[in-house]
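Inspection log for the structure reproduced underneath, given as structure tokens.
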Amino acid sequence: MQVPFLDLKSQYDSIQAEVTAAMQQVFDSCSFIGGEPLATFERDFAQFCGARYALGLANGTDALHLLLRAMGVGPGDEVITAANSFIASASCIVMAGASPVFVDADATTYTIEPAAIEAAITPRTKAIIPVHLYGQPADMRPIMELAARHDLQVIEDAAQAHGAEYEDQRVGSIGHAASFSFYPGKNLGAYGDGGAITTDDATLVERLKALRDHGRTSKYEHAIVGYNSRLDSLQASVLSVKLKYLDGWNRQRQQVAAWYAEALATSDFVLPSVRPGSTHIYHLYVVRVERREALQKHLAEAGIASGIHYPLPLHLQPAFQELGYKPGDMPNTDAAAGQLLSLPIFPEMTQAQVVYVAEAVRTFEAATVV
Ligand SMILES: *Cc1c(COP(=O)(O)O)cnc(C)c1O
């Protein structure tokens with residue numbers, strides 16, 4: 001048996017006729033930028049998130065970057081984000097001209113630790129970017145409370161968590177604004193690059209509409225220097241088809257996670273932990289293991305793909321070297337980085353595949369008992 005890390009092909013096969021019809025409509029209209037497919041997707045995605053507005057952008061990194069710009073964050077400002085995340089959660093801050101300040105993760109959910117955020121606030125702090133990591137929301141209630149106390153903007157990085165809930169609120173409707181990525185491997189993935197922001201703030205939306213489209217106020221009038229960062233109509237049409245299935249796909253991921261929890265109950269793994277009051281939509285199924293490299297090799301020999309998210313935390317990335325962080329600065333993140341392992345998970349994964357992975361784990365553990 002082969003178990004891929006994710007299987008975009010079987011998902012495509014299940015919606016192929018609908019996707020082809022939606023894309024054909026765009027071809028027939030020859031309206032490739034803006035227009036009806038984008039407006040429809042933006043309306044439906046805002047509704048899905050429980051936010052007043054959604055705006056499509058070229059990718060999730062631009063969504064973060066342009067939100068910071070629209071909020072007036074720039075040179076001299078600090079923005080707090082998670083040390084345990086993908087590079088874009090912090091590179092966006094540098095793109096805006098501000099300085100990233102990293103904080104540690106909670107030891108069991110691996111999401112950003114609210115108490116560590118508060119400790120990192122300085123007079124220069126302007127915003128916080130909590131990351132809904134692996135598909136689980138960050139602990140947003142204390143984050144929104146401390147942001148209100150210190151008058152800070154909160155941008156949810158929801159690139160891994162489309163549809164996840166925190167205390168009955170969907171991500172994308174909790175912070176002052178949120179960013180999403182539609183990179184093909186995300187829970188809601190386009191057939192190319194894509195991203196979006198959500199917010200209830202009409203002023204922010206007007207600024208972002210200009211920022212994503214050359215600073216335009218009319219066809220040939222540019223009020224500000226903007227960017228070219230639009231979600232094109234073909235991607236919007238694909239995303240509208242896929243959005244209808246997203247809740248179902250997320251439930252299937254939760255079913256796969258439940259199968260894993262059962263099949264791995266007797267293993268030495270530390271399994272994913274879900275914060276009470278939150279839902280986890282398992283963009284990734286991340287366990288904690290000893291002897292990770294040997295296990296990965298054993299799994300690969302059995303035809304099972306796996307990944308590491310993330311082997312090198314952001315505060316130790318060469319790109320951020322000049323910020324002066326060192327190993328041990330983020331104790332929970334640094335301890336986890338050597339042990340985290342992402343097992344295959346995707347909506348179409350079968351129970352037989354899960355059992356096969358668990359069996360390979362058992363043979364590994366049996367062969368290496370001391
Ligand atoms: C994927 C991702 C992004 C960036 O999205 P792109 O669309 O690839 O630019 C940002 N933050 C996190 C946590 C991500 O996983």
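The values are calculated or read from the model by the stated rules, or taken from the named source; none is laboratory data. Owing to the predicted nature of the structure, the values given are computational and were not obtained by experimental measurement. Cβ atoms come from the backbone with ideal geometry, glycine included; neighbour counts cover every protein chain shown. Note: areas computed on protein heavy atoms with side chains; ligands, DNA, RNA excluded. Shrake-Rupley method; radii C 1.70, N 1.55, O 1.52, S 1.80 Å.
When the alpha carbon gyration tensor of region 246-367 is reduced to an equivalent ellipsoid, its three semi-axes come out at 27, 19, 13 angstrom, largest first. Taking Ala161, Ala98, Ala305 in turn, the Gaussian network model of the chain (Cα-Cα springs below 10 Å) assigns the largest fluctuation to Ala305. Ignoring the sites themselves, the chain has its longest run without GluC sites (Glu not before Pro) in a DSSP loop having at most 14 other Cβ atoms within 10 Å at 1-166.
The distance linking region 287-319 with region 195-272 is 26 Å (Cα centroid to Cα centroid, whole angstrom).
Bin width 10 Å, alpha-carbon pairs only: give the P(r) of region 1-93 as whole percents, running from 0 to the bin holding the largest distance. Binned Cα distances yield the sequence 12, 26, 34, 21, 7, 0.
The overall shape of the chain is oblate: from the C-alpha gyration tensor, with semi-axes ordered a ≥ b ≥ c, the ratio a/c is 1.5 or greater and a/b is no larger than b/c. When the chain is treated as a Gaussian network with alpha carbon springs shorter than 10 Å, the biggest mean-square fluctuation among Ile87, Ile15, Ile155 belongs to Ile15.
Overall, the accessible surface of the chain at a probe of 1.4 angstrom is composed of carbon and sulfur to the extent of 54 percent.
Remark: the chain carries 42 Å² of accessible area per residue (probe radius 1.4 Å; ligands, DNA and RNA excluded).
Radius of gyration over Kirkwood radius for region 228-299, both on Cα atoms: the Rg/Rh ratio is 1.13.
When trypsin sites (Lys or Arg not before Pro) are flagged only if DSSP places them in a loop and at most 15 other Cβ atoms lie within 10 Å, the longest unflagged stretch of the chain comes out as 125-218. Lysine pair count for the chain with Cα-Cα distance under 30 Å and sequence separation of 8 or more or different chains is 15. Pick from Tyr183, Tyr282, Tyr325: which residue has the top mean-square fluctuation in a GNM of the chain where Cα pairs under 10 Å get a spring? Among Tyr183, Tyr282, Tyr325, the largest GNM mean-square fluctuation belongs to Tyr325.
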